[in-house]
1. From Leu84, Leu59, grab the single residue that is farther than 30 Å from Val259 by Cα, surrounded by 14 or more Cβ atoms within 10 Å (Cβ to Cβ) and assigned by TED's automatic domain parsing to the domain that holds Val39.
2. Scan segment 407-414 and give yes if some residue there is at pLDDT below 95 and within 16 Å of His178 (Cα to Cα), otherwise no.
3. Scanning for something assigned to a helix (DSSP H, G or I) and within 14 Å of Val220 (Cβ to Cβ), does segment 268-276 turn up at least one residue?
4. Which condition from (1) surrounded by fewer than 17 Cβ atoms within 10 Å (Cβ to Cβ); (2) under 22 Å from the mean Cα position of the chain (by Cα) is the one that Val359 breaks?
5. Return the only residue of Val193, Val176 being buried (at least 17 other Cβ atoms within 10 Å of the Cβ) and within 17 Å of the chain's Cα centre (by Cα).
6. Among the residues in segment 161-170, are any outside any helix (DSSP H, G or I) and modelled with pLDDT under 90?
7. Which ones in segment 123-137 are over 33 Å from the mean Cα position of the chain (by Cα) and either assigned to a helix (DSSP H, G or I) or outside the structural domain of Gly95 (by TED's automatic domain parsing) (or both)?
8. Can you pull out every residue in segment 320-336 that is surrounded by 13 or more Cβ atoms within 10 Å (Cβ to Cβ) and modelled with pLDDT under 95?
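The values are calculated or read from the model by the stated rules, or taken from the named source; none is laboratory data. Only a predicted model underlies this, so the values are computations on that prediction, with no experimental measurement involved. Cβ coordinates were reconstructed from backbone atoms using ideal geometry, including for glycine residues, and neighbour counts include every protein chain displayed.
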Amino acid sequence: MINYARQNTDEQTDVTPPTADDHIAPAPRVSVQAFCETVETAAAVQSAGEDRRLDKAHLKIQMGGMTAATEAYRTAPTPNVIILETEGRNDILGGLDQLASVCDPGTRVVVIGRVNDVTLYRELVRRGVSDYVIAPVTAIDVVRSICGLFSSSEAKAVGRIIAVVGAKGGVGASTVAHNVAWAIARDLALDSVVADLDLAFGTAGLDYNQDPPQGIADAVFSPDRVDTAFIDRLLSKCTDHLSLLAAPATLDRVYDFGVDAFDSIFDTLRTTMPCIVLDIPHQWSGWTKRALVAADDILIVASPDLANLRNTKNIFDLLKASRPNDRLPLYCLNQVGVPKRPEINATEFAKAIESPPIVSIPFDPQMFGSAANNGQMIAEISAGHRTTEMFLQIAQRLTGRGETKKPRGSFLSPLIDKLRGK
């Protein structure tokens, strides 16, 4: 796949996290070798190799540019992707011709150069270069270029994983996750699936009033069978746009998993669903950390007390350090305004986290209790309730979609509605 050359100005040397609508799909398990001429580019490639989207890629960096690459592959097979940096203009085409004589078929080449010229770009395309990036480059430029080689233009909007986790047990993170997923599916008309990862005590089946005979446990305990058809059979249909990968919520076995136990499930869901909402239980293990770090967007749910503040801060700091090229996590306050309970207000939370909460959901035991006992969402009980609007606001921020998908009416719609009323 050939991408149009991207242009960077000198002012763009700092790493800029992607915007909400700039979704970069992870690269598959490939080998990448970079031949750099400058220390700055080598540092950017090294930083890109630590990005979560290149977690499966094997990246190796060498200095020497095209000359070093040509010499290296005279006696060695070429990797899946070669990144070449060149500082001149005249040596680019000649160097590529020499490299082509020792390059294996199927190898994709990304060139990093300083010449911004459409004629040169056309010559590079004619010689089979997959991407041309104007230097200086940042880590996210390298990530976008490598991942773009393996993502068709039609697939860029598919497979966004949203992870929802509670800062503390009992803060209502699962309730928030399920209602946000409902808003994504119903109001944004985005095909979505909720994966309940709390296999022992998950409540997604209860909240959606579903009792499927199979669910996520069948997939995680049968990794060799995981494919698109198998996952489709495990999904329970909740609405036209919302499906559920339910937890068994039984204690007949223990659920101790390895770090990569859910990788194949998430990878398969990415290929079939535009939006995957992970309901992550409040526990700290290798696989829960991996699920959080690898997600495209993250929502932390917290109650307004000191323990939640500390835990939210710790999660925020960990994710910022582990995901330097990603958007910051979002967090919301839940169960705000419990009578006679001392609380830490949103302003104090924002000072400690250095970011304001996306919403503050009020304490409403009658509303939430009725929804939980009836297996309904808040929007089903009261479509006009302010909490319903908050869930939609969260859904819009997490997906990058600012408008709801409502049917368009004609200018005669108000008159027709009046006539129907009569």
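1. Only one candidate qualifies: Leu84.
2. Among the residues of segment 407-414, not one is at pLDDT below 95 and within 16 Å of His178 (Cα to Cα), which makes the answer no.
3. yes
4. For Val359, the failing item is (1).
5. After applying the criteria, what remains is Val193.
6. no
7. Glu123, Arg126
8. Of everything in segment 320-336, those that are surrounded by 13 or more Cβ atoms within 10 Å (Cβ to Cβ) and modelled with pLDDT under 95 turn out to be Lys320, Ser322, Arg323, Pro324, Asn325, Asp326, Arg327, Leu328.
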